[in-house]
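Asks: Dumping the structure here so I can ask a few things about it.
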């Protein structure tokens with residue numbers, strides 16, 4: 001085999017390899033989306049079971065709850081009860097954003113030092129939005145913080161930048177329904193976790209920005225408007 005034939009064969013193999021790699025790259029958004037849809041279906045089923053189980057727990061504590069003087073006290077008590085049974089990866093609640101036609105199950109994230117960055121919940125984020133486990137549940141304190149992918153694995157937070165001041169965001173938990181109003185959108189460095197400690201806001205949503213980049217973190221800040229026991 002002469003040198004020219006060998007060179008042509010090597011170039012053909014390299015071209016075929018590039019085509020295969022290119023195809024895999026182009027297909028990634030589609031199969032990652034399909035994966036997330038399947039996972040959300042499982043989470044939907046799991047969350048319905050969680051709601052049923054917690055309803056029984058809530059009934060068993062009915063007398064204690066009835067003695068509490070205010071809705072805030074009852075929600076705090078119920079949030080504590082619910083938190084006792086939580087583990088990372090479990091269906092936690094529902095996040096709804098009417099203006100974006102958004103409705104997803106939120107997953108319980110890791111607690112402790114491992115919950116200070118969405119990178120610690122990488123596997124969970126492939127399934128849907130994840131609660132920062134270091135932040136309180138709705139009704140138990142501020143802020144309830146949630147991270148989500150912007151461009152891959154179903155891109156749940158793709159349109160987060162379109163939110164405007166006053167837009168409603170609803171969080172449904174097995175024990176309560178919480179309605180928030182968007183106050184502002186900001187950007188921070190990807191390793192800035194101080195947003196998780198800001199007690200002036202009831203809800204914080206975070207995602208990568210700009211699109212297809214993790215250079216910055218987009219943060220949506222919202223204040224609690226109404227809260228009710230379910």
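The values are calculated or read from the model by the stated rules, or taken from the named source; none is laboratory data. As the structure is a computational prediction, the values presented were derived from the model and not from experiment. Here the Cβ is made from the backbone with ideal geometry for all residues, glycine too, and neighbour counts use every protein chain on show.
Asks: Tell me which residues, restricted to the range 191-204, are surrounded by 15 or more Cβ atoms within 10 Å (Cβ to Cβ) and either touching a helix residue (DSSP H, G or I) at 6+ places or on another chain (Cβ under 9 Å) or over 19 Å from residue 158 (Cα atoms) (or both).
Replies: Passing the criteria: 193, 195, 196, 201, 202, 204.
Asks: Which ones in the range 170-187 are touching a helix residue (DSSP H, G or I) at 6+ places or on another chain (Cβ under 8 Å) and either farther than 27 Å from residue 101 by Cβ or touching a residue at least 40 places away in the same chain (Cβ under 8 Å) (or both)?
Replies: Result: 170, 173, 174, 175, 176.
Asks: Among the numbered criteria (1) in contact with a strand residue (DSSP E or B) (Cβ under 9 Å, 6 or more places away or on another chain); (2) farther than 17 Å from residue 197 by Cβ; (3) modelled with pLDDT of 95 or more; (4) surrounded by 17 or more Cβ atoms within 10 Å (Cβ to Cβ), which single criterion is violated by residue 144?
Replies: (2)
Asks: Give the number of residues within the range 129-152 that are over 23 Å from residue 84 (Cβ atoms) and either under 12 Å from the mean Cα position of the chain (by Cα) or part of a strand (DSSP E or B) (or both).
Replies: Total meeting the criteria: 4.
Asks: Applying the selection to the range 152-190, what residues are more than 17 Å from residue 219 (Cβ to Cβ) and modelled with pLDDT under 95?
Replies: Once the filter is applied, which keeps residues that are more than 17 Å from residue 219 (Cβ to Cβ) and modelled with pLDDT under 95, the range 152-190 yields 152, 153, 154, 155.
Asks: Return a yes/no flag: does the range 159-167 have any residue that is within 14 Å of residue 95 (Cα to Cα), assigned to a helix (DSSP H, G or I) and in contact with a strand residue (DSSP E or B) (Cβ under 7 Å, 6 or more places away or on another chain).
Replies: yes
Asks: Turning to a different aspect of this structure: Yes or no: residue 113 touching a helix residue (DSSP H, G or I) at 6+ places or on another chain (Cβ under 9 Å), modelled with pLDDT under 95 and part of a helix (DSSP H, G or I)?
Replies: yes
Asks: Ok, one more. Quickly run through the range 68-93 and pick out the residues that are in contact (Cβ under 8 Å) with a residue 24 or more places away in the chain, under 18 Å from residue 141 (Cα atoms) and in contact with a helix residue (DSSP H, G or I) (Cβ under 7 Å, 6 or more places away or on another chain).
Replies: 74, 78, 81, 82
Asks: Just wondering, is there one or more residues in the range 205-216 that are without any contact (Cβ under 8 Å) to a residue 12 or more places away in the chain, surrounded by fewer than 17 Cβ atoms within 10 Å (Cβ to Cβ), assigned to a loop (DSSP other than H, G, I, E, B) and out of contact with any strand residue (DSSP E or B) (no Cβ under 9 Å at 6 or more places or on another chain)?
Replies: Yes, the conditions are met somewhere in the range 205-216.
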